[in-house]
Amino acid sequence: MSAHTAEMFRITLPDGSVREVAPGTTPADVAAAIGPGLAKAAIAARIDGQVRDLNRPFDGDTHLALVTAKDEADALELVRHDLAHVMAEAVQHLFPGTQITFGPATDDGFYYDFAPKDRPFTEDDLPAIEAEMRRIIARNEPFTREVWSREQLIEAWRRQGETFKAEWAAELPDGEELTIYRQGEWLDMCRGPHMPSTGRLDPQAFKLTRVSGAYWRGDQNNAMLSRIYGTGWLNKKQLDAHLFMLEEAAKRDHRKIGAEMDLFHLQSEAQGSVFWHPKGFVLWRQMEAYMRRRLDAADYAEVKTPQLMDARQWEQSGHWGKYRENMFVVPDEVPNTEEEGAVLSGEGDLMALKPMNCPAHVLIFKQGIKSYRDLPIRMAEFGCCHRNEPHGALHGIMRVRQFTQDDAHIFVREDQLVEEVRKFCELLDSVYRDLGFEDYAVKLALRPEKRFGDDAMWDKAEAELREAVLASGLSDAIKAKFEELPGEGAFYAPKLEFHLTDAIGRTWQVGTIQSDRVLPERLDASYVGEDGNRHRPVMLHRAILGTFERFIGILIEHHAGRFPLWLSPVQAVVATIVSDADDYARDAAATLRAAGIRVETDLRNEKINYKVREHSVAKVPVLLVVGKREAEEGKVAIRRLGSQAQQIVTLDEAIAMLREEATPPDLR
């Protein structure tokens, strides 16, 4: 926005028309001049691309786009931010002495961290807080923006007994424009923007959902706060749809289904690591075998690299400086076994469990001389890695400390890069479709503020990934959703991200490919070019599943445990109606097992309806029911999970049917 020396500001609207307005004019004034309908609908303004308050005066010549509820992404961000403020006011009104800290908008709502005076908040408090929020909304209090000095902020917070806010304000830089927002008498330190007033919120379009603990500033050495979460939407219809999705998500929770199917468990003795049970590991092995076949067919070479490497290697790669807080550091010394004295001397050299495989793959690449004719080299590893995630961030098998990546690195010449990324996109697309995910989005994460390399390198790397997506065989529907994410790239490379949409509409970021010119330089990787000189390869970091643990968790929730037959840990159970059929059931199971079907028997002296219910809970896809007649005729009665229908066929027919269904998609 340019500073304008004349009396009037030139405001350019989206249709290209220009309006001249006097200093002090606001976007709300422009909306009113255009028409009463727009004045009523407008909730904020986009000024030169930045969302700002509707009532904030123009600073000079500008491009203006008025934001309404039709601009859903912007509108939801505003609604959720406003609701966080309204909730904080409600809490402080109902619970005097409660201190406020921070309250951001989230992907589906908002939260606020509080320091209660007397006791932590519980979910029993939420209905009263919701009711008070609706009273604040009904008052239609305007949101007003004020610019304060740092000293004013500190003094105000100290006077109000807000020690957390005062601490934060004291650390803000001198000279920075600091703003507070009021709604009535209540205020909070905030950058904004906000809608014009609390009355713009739909009082029936939000719900407070849960309460949890959170440390001040995310540090477990600091005070424990009470975090209240809520979900907020533009209208009740959106809220109801979201709550239905949450209800479905609870039914599909991988931890609940994992227990019902006896797949895995977690316990405090191994925080963030998974105990895979036999049935769960069958599922893992099927996924691993499938991915290995796909990689073999795509000409990847599989490797295995060490878990522990010297800290000096991580220093050279750059991870020690950029990533050390997420690494498990191990001293290279023999611990003291005596009762007296410290267990460790603190004098040993440091090593670290690998949080990723890439430096080790570069070390393999550097063994022996590589020619330009050898490239591309596609190096894959189902590599077990460790990352020191905070305890509070762990979540089932979705976010863990020990995990296995379907990791690979492709070393390419500059002229091969776009083609290799294109091939990867098409391989990933085929894998996702095989696994039941036809709807996904591709996003290009661009350079972050803190990064290695110069702008020219980043320009080139970003353009190559963009070109590869557009040149790929991905469907027009997938390409139409392609978007770019400024500032979201890794510190060493831009990346393509692949976001799956599951059966109930949630999105999961899983696959990725990053084009990296930094790590080969730092670790001195090279090949001999056609000109006889040494050249740096470009290193493509790529994964399709991300990690096995998380992807299996996503699969469990996507399918609600009802896996396609080829993935099911137990594909069939032969269940008897009467004990006279026990021998036939055993023989039938043996024949099925010999044909490659994962089968169990249920010979218990229980009613068949009880057995059907129990195996339905365990998500067994096929029940083969046998009684005296089936035993005499060599038949089975097939009952499918979720169906009341029964199909009576010969055992041979059942085997042929199940073998066909149980064939993995890449082998059909």
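Among residues of region 309-328 that are outside any loop (DSSP other than H, G, I, E, B), those with a beta-carbon under 6 Å from a residue that is among the polar types (S, T, N, Q) and at pLDDT 85 or above at least six positions away or on a different chain give the pairs N326/N388.
A69: assigned to a loop (DSSP other than H, G, I, E, B), surrounded by 13 or more Cβ atoms within 10 Å (Cβ to Cβ) and either small (G, A, S) or out of contact with any strand residue (DSSP E or B) (no Cβ under 7 Å at 6 or more places or on another chain) (or both), yes or no? It is true that A69 is assigned to a loop (DSSP other than H, G, I, E, B), surrounded by 13 or more Cβ atoms within 10 Å (Cβ to Cβ) and either small (G, A, S) or out of contact with any strand residue (DSSP E or B) (no Cβ under 7 Å at 6 or more places or on another chain) (or both).
Are any of the residues in region 76-94 at pLDDT 95 or above, outside any helix (DSSP H, G or I) and open to solvent by 10 Å² or more (accessible area, probe 1.4 Å)?
Going through region 76-94, the residues at pLDDT 95 or above turn out to be 76-94.
Filter again for outside any helix (DSSP H, G or I), leaving none.
Scanning region 76-94, I find no residue that is at pLDDT 95 or above, outside any helix (DSSP H, G or I) and open to solvent by 10 Å² or more (accessible area, probe 1.4 Å), so the answer is no.
Results for (1) assigned to a loop (DSSP other than H, G, I, E, B); (2) of a type outside the set (D, E, K, R); (3) open to solvent by less than 50 Å² (accessible area, probe 1.4 Å); (4) touching a residue at least 24 places away in the same chain (Cβ under 8 Å), shown as yes or no for each residue.
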{"position": "G436", "(1), (2), (3), (4)": "yes, yes, yes, yes"}
{"position": "V442", "(1), (2), (3), (4)": "no, yes, yes, yes"}
{"position": "P448", "(1), (2), (3), (4)": "yes, yes, yes, yes"}
{"position": "M457", "(1), (2), (3), (4)": "no, yes, yes, yes"}
{"position": "E462", "(1), (2), (3), (4)": "no, no, yes, yes"}
{"position": "V469", "(1), (2), (3), (4)": "no, yes, yes, yes"}
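Has region 151-165 got at least one residue that is closer than 23 Å to S212 by Cα, loosely packed, with under 14 Cβ neighbours inside 10 Å and within 33 Å of the chain's Cα centre (by Cα)? For region 151-165, residues closer than 23 Å to S212 by Cα, loosely packed, with under 14 Cβ neighbours inside 10 Å and within 33 Å of the chain's Cα centre (by Cα): absent.
Residues of region 361-402 that are among the small types (G, A, S), open to solvent by 10 Å² or more (accessible area, probe 1.4 Å) and out of contact with any Ser or Thr (no Cβ under 9 Å at 6 or more places or on another chain): G368, S371, A393, G396. Within region 403-422, is there a residue that is under 30 Å from G258 (Cα atoms), open to solvent by 60 Å² or more (accessible area, probe 1.4 Å) and of a type outside the set (S, T, Y)? No, there is no match, as no residue in region 403-422 is under 30 Å from G258 (Cα atoms), open to solvent by 60 Å² or more (accessible area, probe 1.4 Å) and of a type outside the set (S, T, Y).
The requirement of being in a helix (DSSP H, G or I) and more than 15 Å from the chain's Cα centre (by Cα) is fulfilled nowhere in region 532-541; no residue meets it.
Residues in region 579-613 that are touching a helix residue (DSSP H, G or I) at 6+ places or on another chain (Cβ under 6 Å), over 14 Å from L658 (Cα atoms) and open to solvent by less than 70 Å² (accessible area, probe 1.4 Å): A581, Y584, T601, D602, L603. If you take the residues of region 166-186 that are among the aliphatic types (A, V, I, L, M) and free of Cβ contacts under 8 Å to residues at least 24 places away in the same chain, which of them is most open to solvent (accessible area, probe 1.4 Å)? Among them, the one singled out is A170.
The values are calculated or read from the model by the stated rules, or taken from the named source; none is laboratory data. Small disclaimer: the values here were computed from a predicted structure and weren't measured. Counting neighbours? That spans all protein chains shown, and the Cβs are built from the backbone with ideal geometry, glycine included. Each accessible area value is taken on the protein alone, full model and side chains, heavy atoms only, with ligands, DNA and RNA left out. Shrake-Rupley method; radii C 1.70, N 1.55, O 1.52, S 1.80 Å.
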